[in-house]
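Comments concern the structure below.
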Amino acid sequence: MNDISKNIRKSILHMVHYSKSSHVGTCLSMVDILAVLYFKFLRIDPTNPKLEGRDKFILSKGHGGAALYATLAERGFFPKEYLNKYYVDDGILPGHLDMTAVPGIESSAGSLGHGLSIGIGMAYANRSSNIAGEVIVLLGDGECNEGSVWEGIMYASSANLTNLTAIVDYNKLQSFGRTNEVVNQENMSKRWESFGWHVIEIDGHNHEAIEQGLNHKALKPKVIIAHTIKGKGVSYMEDRLEWHYKSPSDEQLKMALKELGE
């Protein structure tokens, strides 16, 4: 799993460097979660992306799309050469996720705050149609400022959607500063619990803890509060706000890849 995570991180770095795009920090913080999801947990088939009854993953923080593209390529949903077409003119991989671009993407993304509600709809439809597939939604901690997120949280528990799991990438940084200084969310777990969810808190970079959290069965919707580090894996990017916006220079790319063993 460590090698898989490193490979995904390397791909992300190459992608954002080549396209001179942003959001590398938010991509790197969720890599270990994505690696466990796609290589240990999700019931999916890269050769049959529309398999009936499959598990469905929604990346609600869609500006981190490079991380999901890199993970899907690593898992074999499409050739890695496609990653060179990320966020560039005449490219095929938009900066925000587009479910029509490549196989394996269950929902397009743009404005924050919508992914959980989309996932709730999918989970409700699965239950109504007796389809076994689970739905997993990954949100950003800054995204949890959105009122639509809390409307969805309230409804999911009311509907008792036990086939739904939310994951919060709690890296404690968002576009304008420290998450808890922009809107205080220090009691994140208690808030979700008060809305009727089963809450698990984990180290979001510990593969075993991530897998255990995903496999834990609950009698209500489940949320995993994953404590992560923005820019994880690259020392000079870790827990630094500027990497929400910057792309690495040639020299910074070399430094980052060296740290990752390339």
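The values are calculated or read from the model by the stated rules, or taken from the named source; none is laboratory data. Just so it is clear, the structure is predicted and the values come from calculations on it, not from any experiment. Quick reminder, even Gly has a Cβ in these numbers, built from the backbone with ideal geometry, and neighbours come from all protein chains shown.
Numbers for the structure displayed
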{"quantity": "Residue satisfying all of: in segment 174-193; among the small types (Gly, Ala, Ser) and under 19 Å from the mean Cα position of the chain (by Cα); surrounded by the most Cβ atoms within 10 Å (Cβ to Cβ) among these", "calculated": "SER189"}
{"quantity": "Any hit, segment 159-173, residues being small (Gly, Ala, Ser) and closer than 18 Å to HIS63 by Cα", "calculated": "yes"}
{"quantity": "Extreme residue, surrounded by the most Cβ atoms within 10 Å (Cβ to Cβ), among residues of segment 148-157 that are out of contact with any helix residue (DSSP H, G or I) (no Cβ under 6 Å at 6 or more places or on another chain) and aliphatic (A, V, I, L, M)", "calculated": "ILE153"}
{"quantity": "Failed criterion for TYR69 (all others in (1) assigned to a loop (DSSP other than H, G, I, E, B); (2) at pLDDT 95 or above hold)", "calculated": "(1)"}
{"quantity": "Helices (runs of 4 or more DSSP H) fully within segment 1-55 counting 2 or more residues that are more than 25 Å from HIS227 (Cα to Cα)", "calculated": "2-19"}
{"quantity": "From the options GLY213, GLY133, GLY196, GLY113, residue that is more than 28 Å from TYR69 (Cα to Cα) and either within 17 Å of the chain's Cα centre (by Cα) or not in a helix (DSSP H, G or I) (or both)", "calculated": "GLY196"}
{"quantity": "Test: GLY140 is surrounded by fewer than 17 Cβ atoms within 10 Å (Cβ to Cβ) and under 18 Å from LYS230 (Cβ atoms)", "calculated": "no"}
{"quantity": "Any hit, segment 158-173, residues being part of a helix (DSSP H, G or I), buried (at least 17 other Cβ atoms within 10 Å of the Cβ) and at pLDDT 95 or above", "calculated": "no"}
{"quantity": "Residue count for segment 225-261, restricted to those that are of a type outside the set (A, V, I, L, M), touching a residue at least 60 places away in the same chain (Cβ under 8 Å) and part of a strand (DSSP E or B)", "calculated": "0"}
{"quantity": "Test: residue in segment 179-189 that is modelled with pLDDT under 95, of a type in the set (D, E, K, R), more than 30 Å from ASP3 (Cβ to Cβ) and in a loop (DSSP other than H, G, I, E, B)", "calculated": "yes"}
{"quantity": "Pick from segment 82-110, criterion polar (S, T, N, Q) and not in a helix (DSSP H, G or I), ranking: farthest from the chain's Cα centre (by Cα)", "calculated": "THR100"}
{"quantity": "Residues of segment 12-40 that turn out to be among the small types (Gly, Ala, Ser) and either without any contact (Cβ under 8 Å) to a residue 60 or more places away in the chain or buried (at least 24 other Cβ atoms within 10 Å of the Cβ) (or both), as a count", "calculated": "3"}
{"quantity": "Options ARG54, ARG9, ARG75, ARG43; residue that is among the basic types (Lys, Arg), within 21 Å of PRO248 (Cβ to Cβ) and either over 11 Å from the mean Cα position of the chain (by Cα) or buried (at least 24 other Cβ atoms within 10 Å of the Cβ) (or both)", "calculated": "ARG9"}
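Conditions tested, residue by residue: (1) among the basic types (Lys, Arg); (2) surrounded by 22 or more Cβ atoms within 10 Å (Cβ to Cβ).
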{"position": "HIS207", "(1), (2)": "no, no"}
{"position": "ILE224", "(1), (2)": "no, yes"}
{"position": "HIS227", "(1), (2)": "no, no"}
{"position": "GLY231", "(1), (2)": "no, yes"}
{"position": "MET237", "(1), (2)": "no, yes"}
{"position": "ARG240", "(1), (2)": "yes, no"}
{"position": "TRP243", "(1), (2)": "no, yes"}
{"position": "LYS254", "(1), (2)": "yes, no"}
